[in-house]
Amino acid sequence: MGAVSLKIGDGTARFKRATMYSSAVNFLMLFSVITTNLFALYAFTYHTPTIHHYSSNNNNYPKNISLISEKVSLILREIESSQKKLTQMEKQLLGYESIDLSRPNIAIELKQFLNRHLLPLGKDSRTGITEMVASVGHSCEKSVDLLSEFMNYKVNGLCPDDWSLGQKLILQGCEPLPRRRCFAKAIPKVGFQSFPISLWKNVSEKSFSWSGLGCKNLACLNIKKLNRDCAGCFDIVRGYETQRYVKGRSKNDFLIDDVLAMVVGPAGGGGIRIGFDIGGGSGTFAARMAERNVTIVTATLNVEAPFNEFIASRGLFPLYLSLDHRFPFQDNVFDLVHAANGLDVGGRSEKLEFLMFDIDRVLRTGGLFWLDNFYCSSDDKKSALTRLIERFGYKKLKWVVGEKVNGAGKSEVYLSAVLQKPVRV
């Protein structure tokens with residue numbers, strides 16, 4: 001079996017020609033060839049007097065052959081070692097790693113998915129491609145044992161109940177996951193309501209998958225603080241979620257109607273029609289926007305709770321996606337991007353910078369970026385985020401830094417802002 005190359009950058013498997021590194025690779029190959037030939041010349045000439053002496057003595061002729069064979073074997077081993085080093089150098093220069101499909105523990109289905117497949121009708125006239133290449137996250141190579149376990153199933157049978165294994169791979173950077181040829185477990189959807197009644201009505205707990213989760217019902221989830229944006233967020237009948245975005249508890253809590261009213265002038269033409277919510281909890285932001293005829297896509301994983309199924313049960317659009325993945329949208333498509341503490345990337349400034357540029361990419365000119373109660377764990381963190389935002393040249397429509405008292409009685413600093421993307425020429 002061969003190896004499938006995975007290009008680091010956009011997180012997907014791609015095969016491309018070498019560009020700026022070609023000369024460096026060629027130089028290394030030339031250097032290796034010259035070195036190997038010099039070594040061969042040295043090996044054959046170093047014993048020349050001895051060989052000449054042996055030629056006058058036929059009794060030593062077998063020894064001559066043996067010595068030459070040893071030198072040839074040594075040269076061949078040296079060439080093979082040089083080729084391996086060159087291959088590794090090329091991988092580092094071109095920026096990709098490989099999943100070795102010849103490994104004994106690789107699942108057959110993973111090999112089947114990752115191998116190249118020739119197009120049945122030959123070269124495609126529009127794209128110029130001649131074969132199909134699988135797309136898989138470059139970090140999957142680091143979790144190949146887990147990936148092989150994920151791809152170990154019965155073809156045309158029921159998929160294992162292993163969504164949590166797939167999510168574990170995603171959280172380790174193995175995204176996108178490979179497709180599988182099995183049928184996902186069917187869960188009966190009980191008690192669903194028609195839209196828009198569904199926005200504020202709970203459905204049967206049997207409609208969600210609880211495998212791999214600590215809690216097995218909504219009551220358990222509602223007494224837990226799953227994250228800073230979700231404390232009791234699954235109670236959409238009696239809890240604070242019923243007041244969120246329409247009634248504030250502090251100056252950092254902006255109201256939806258106030259934010260929508262900020263879209264004025266030619267740059268905001270068309271108003272807010274479609275938006276993207278990053279780490280949107282149980283979907284309450286999308287629900288409030290739906291009441292105002294605004295379509296929101298909510299990106300979230302199922303960390304400790306069935307967020308995606310719950311959002312879908314409300315008649316809203318969940319997107320099962322981690323923040324390590326490039327947003328699967330075309331440039332300049334959203335009127336609004338909303339983010340809270342889902343924007344927190346663990347203090348890694350480079351990662352936050354890449355994320356902010358991707359947010360800017362999908363937000364249209366004149367669109368709004370709503371940063372909602374972002375927790376500033378330190379002044380340095382707040383300053384770093386502020387400097388990063390200022391680099392984009394957004395117009396500050398509203399900017400509030402306020403304090404809240406947490407459950408332990410300690411004061412915490414939060415930043416809320418509404419920013420408008422400028423026209424760039």
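Some points to look at:
- From the options Leu221, Leu177, Leu165, residue that is free of Cβ contacts under 8 Å to residues at least 60 places away in the same chain and assigned to a helix (DSSP H, G or I): Leu165
- Scanning the range 240-250 for residues that are in a loop (DSSP other than H, G, I, E, B) and over 13 Å from Trp370 (Cα atoms) returns Gln243, Arg244, Val246, Lys247, Gly248, Arg249, Ser250.
- So Glu241, is it at pLDDT below 90 and buried (at least 17 other Cβ atoms within 10 Å of the Cβ): no
- The number of residues in the range 196-211 that are assigned to a helix (DSSP H, G or I) and either among the acidic types (Asp, Glu) or exposed (fewer than 15 other Cβ atoms within 10 Å of the Cβ) (or both) comes to 3.
- Residues considered: Arg361, Arg387. Of these, the only one that is more than 30 Å from Gln172 (Cβ to Cβ), assigned to a helix (DSSP H, G or I) and either open to solvent by less than 70 Å² (accessible area, probe 1.4 Å) or modelled with pLDDT of 90 or more (or both) is Arg387.
- Asp372 being surrounded by fewer than 22 Cβ atoms within 10 Å (Cβ to Cβ) and either more than 20 Å from the chain's Cα centre (by Cα) or among the acidic types (Asp, Glu) (or both): no
- Where Gly366 falls short, out of the listed (1) under 23 Å from Ala231 (Cβ atoms); (2) open to solvent by less than 40 Å² (accessible area, probe 1.4 Å); (3) among the small types (Gly, Ala, Ser): (1)
- Selection from the range 320-349 of residues that are assigned to a loop (DSSP other than H, G, I, E, B) and touching a Lys or Arg at 6+ places or on another chain (Cβ under 6 Å): Asp331, Asn332, Val345
- Contact map, the range 324-339: first residue at pLDDT below 95, second residue part of a loop (DSSP other than H, G, I, E, B) and open to solvent by 50 Å² or more (accessible area, probe 1.4 Å), Cβ cut-off under 8 Å, separation 6 or more or different chains; pairs are Arg326/Asp10.
- Subset of the range 80-104 (residues that are modelled with pLDDT of 70 or more and open to solvent by 60 Å² or more (accessible area, probe 1.4 Å)): Glu80, Gln83, Lys84, Lys85, Asp100, Ser102, Arg103, Pro104
So that you can scan it fast, the table gives a plain yes or no per residue for (1) open to solvent by 20 Å² or more (accessible area, probe 1.4 Å); (2) closer than 22 Å to Gln243 by Cβ:
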position: Thr284; (1), (2): no, yes
position: Glu291; (1), (2): yes, yes
position: Val303; (1), (2): yes, no
position: Ser313; (1), (2): no, yes
position: Pro328; (1), (2): yes, no
position: Phe334; (1), (2): no, no
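- Residues in the range 133-143 that are open to solvent by less than 10 Å² (accessible area, probe 1.4 Å) and either under 13 Å from Lys111 (Cα atoms) or over 16 Å from the mean Cα position of the chain (by Cα) (or both): Val136 only.
- Exactly one residue out of Asp235, Asp253 is of a type in the set (Asp, Glu), part of a loop (DSSP other than H, G, I, E, B), without any contact (Cβ under 8 Å) to a residue 24 or more places away in the chain and surrounded by 17 or more Cβ atoms within 10 Å (Cβ to Cβ): that is Asp235.
- Scan of the range 256-281 for residues that are surrounded by 12 or more Cβ atoms within 10 Å (Cβ to Cβ), at pLDDT 90 or above and among the hydrophobic types (A, V, I, L, M, F, W, C), ordered by number: Ile256, Val259, Leu260, Met262, Ile272, Ile274, Phe276, Ile278
The values are calculated or read from the model by the stated rules, or taken from the named source; none is laboratory data. Predicted, not measured: the structure shown is a model, and the values here were computed from it. So basically every Cβ, Gly included, is an ideal-geometry build from the backbone, and we count neighbours across all protein chains shown. The protein model used for the area step is the full one, side chains on, heavy atoms only, and it has no ligands, DNA or RNA in it. Shrake-Rupley method; radii C 1.70, N 1.55, O 1.52, S 1.80 Å.
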